[in-house]
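Data first, discussion second: the structure below is written as structure tokens.
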Amino acid sequence: MNIITIDNVCKNYKKKKALDNVCLEIKQGEIFGLLGVNGAGKTTLIKILCGLSKKSSGTIVINNFDLDNEIDKIKEIIGISPQETSVANNLTVKENLEFFAHIYHKNVLEIIKELVDIFDLNEVLNQRAKTLSGGYKRRLSIAIALISKPKILFLDEPTLGLDVFSRRELWQIIKKLQKSTTIVLTSHYLEEIENLCDRVAILSKGELLKKGTIEEIKQSTKTDTFEDAFIKLLKDENE
Amino acid sequence: MNKILNFSKRNLKEILRDPIIYIFCLGFPLVMFILFQIINKYTGGNTPMFEIDSLLPAIIMFSFTFVMLTLALMVSKDRQTFFLKRLYSSPMKSYHFILGYFFVGLIIGISQTIICIVSGFVISLISNVSFISFAEIILLIITQLPMLITNVFLGILIGTLFNDKTAPGICSAFISLVGILGGCWMPVEAMGKFELFCRFLPFYPSVYIGRVITSAQNSLGITYAFDRIAILGLIPIALFMIANIILSFILFKKNMISDK
């Protein structure tokens, strides 16, 4: 079943087309990757799906709710971990989790305990967010995104700037989350997309170049590796 | 209401853990009070503007501009760190945010006012001069509330419109203007026809009404009275307050789905 349907979505700025007739379907329970270079439109699309930016045209349906008319219902079922640092810096890890938990009126103590265990935040629970390492900040950010037990989780560049160990740890956590939530993640890293995603959409200059599983994309581009497929698609697009 | 109080609690924690609040919001007005008292003493006590009854309403009104600065910094920083953007994707509405910032501004402003009044009281004891009665204290606080509300919403507005690099500069310029146009440290009566311009803004009337309550004297030695200046002054006070409230709500909501 499709949990997100994106139909001919465009996003125009004054002189630029950030998204150009993008059509996508994201299935319930999958990890879906949005891949592209800088300026491809990945973050723009995520922001539109979360109601943080308005599309210029097209329709989006999320969990059978129309984005234009039922955004409040959509906000109840989504969680987002943005690319940028987006936690309350002067609050501790515990206070951050409590703050976000109270927004959703969830059983605060129970959900916090669960997330602290999943993301291994026990050691830093009483530390202020601004003093955390990059890896822990990311973990906190994703933990916050899960506070509402969302049906759909948006991860915008979840491992950007992390060392290889932290990245691998986060991958393990993201894979475990798939059991309970649909995940849409954006990334620059081909290895990350290959490791995590069931299906992928490749964007370039606001256009959808290709979508499908890694194997399907490799077959359609007649390449041996996903990296070669990605490069070929971009080259063909530029020509 | 839960979401508003939850957000207010977060804002209060953020502010109390930032040393700037103690320096600018709580400390600075106190320092100014003491400084002007020292100046007054060294000028032989001949400057009515620096007497406690004249200084108290001026410093209270002026101190609210630091509340504006604090809130402007807070809102602009929250925007810069994308903390607010994240919250925009939650079920929180624009009024949850605005009232969440507003209640914190109110708490800081009232705390400042109490500090100013206590400071004034202590200085009056030391200087062996009379201080205003409890009823006058309550009336003074009530009459200055509209300016506090105006400054709180103006802080939210500036933080919404400008980033954390630009907002402090704009606030600083505003703070300087308020000091002059409010007749806080220099007599507006000495500005000639410019005094009329000052009456159209809310700062001077607010200080004027405060000085009526404290029975202060102006630079000409005349005691402030609830005259035409005070009565007509209520109009710009009310208009500025309402305008700031409306603009804050409209522009904050617009900013929530802005691409900037």
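Laboratory data are not the source of any read-out in this text; all were calculated from the coordinates shown. Since the structure is predicted, the reported quantities are computational estimates derived from the model, not experimental observations. Note that each Cβ is placed from the backbone with ideal geometry, even for glycine, and that neighbours are counted across all protein chains shown.
Below is a table of values for the structure above.
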read-out	value
Condition met for A:K137 (more than 8 Å from chain B (Cβ to nearest Cβ), touching a residue at least 24 places away in the same chain (Cβ under 8 Å), in a helix (DSSP H, G or I) and over 21 Å from the mean Cα position of the chain (by Cα))	no
Whichever residue in segment B:60-82 is under 18 Å from B:D18 (Cβ atoms) and surrounded by fewer than 22 Cβ atoms within 10 Å (Cβ to Cβ) and, among such residues, is nearest to the other protein chains (Cβ to nearest Cβ)	B:T81
B:Y208 vs. criteria among the hydroxyl-bearing types (S, T, Y), more than 20 Å from the chain's Cα centre (by Cα) and under 17 Å from B:M147 (Cβ atoms)	no
Exclusive hit being over 20 Å from A:T186 (Cα atoms) and either away from chain B (no Cβ under 11 Å) or touching a Pro at 6+ places or on another chain (Cβ under 9 Å) (or both), set A:N89, A:N96, A:N107	A:N107
Top-ranked residue in segment A:55-66 [being surrounded by fewer than 23 Cβ atoms within 10 Å (Cβ to Cβ) and part of a loop (DSSP other than H, G, I, E, B); ranked as farthest from the other protein chains (Cβ to nearest Cβ)]	A:N64
Hits in segment A:11-54 - residues which are within 14 Å of another protein chain (Cβ to nearest Cβ), part of a strand (DSSP E or B) and not aliphatic (A, V, I, L, M)	A:K11, A:N12, A:K17
Conditions (1) under 20 Å from the mean Cα position of the chain (by Cα); (2) within 14 Å of another protein chain (Cβ to nearest Cβ); (3) of a type in the set (D, E, K, R); number of the one not met by B:K93	(1)
Any hit, segment B:43-52, residues being touching a strand residue (DSSP E or B) at 6+ places or on another chain (Cβ under 8 Å), in a helix (DSSP H, G or I) and away from chain A (no Cβ under 14 Å)	yes
Extreme residue, farthest from the chain's Cα centre (by Cα), among residues of segment B:111-120 that are surrounded by 15 or more Cβ atoms within 10 Å (Cβ to Cβ) and under 17 Å from B:I213 (Cβ atoms)	B:G120
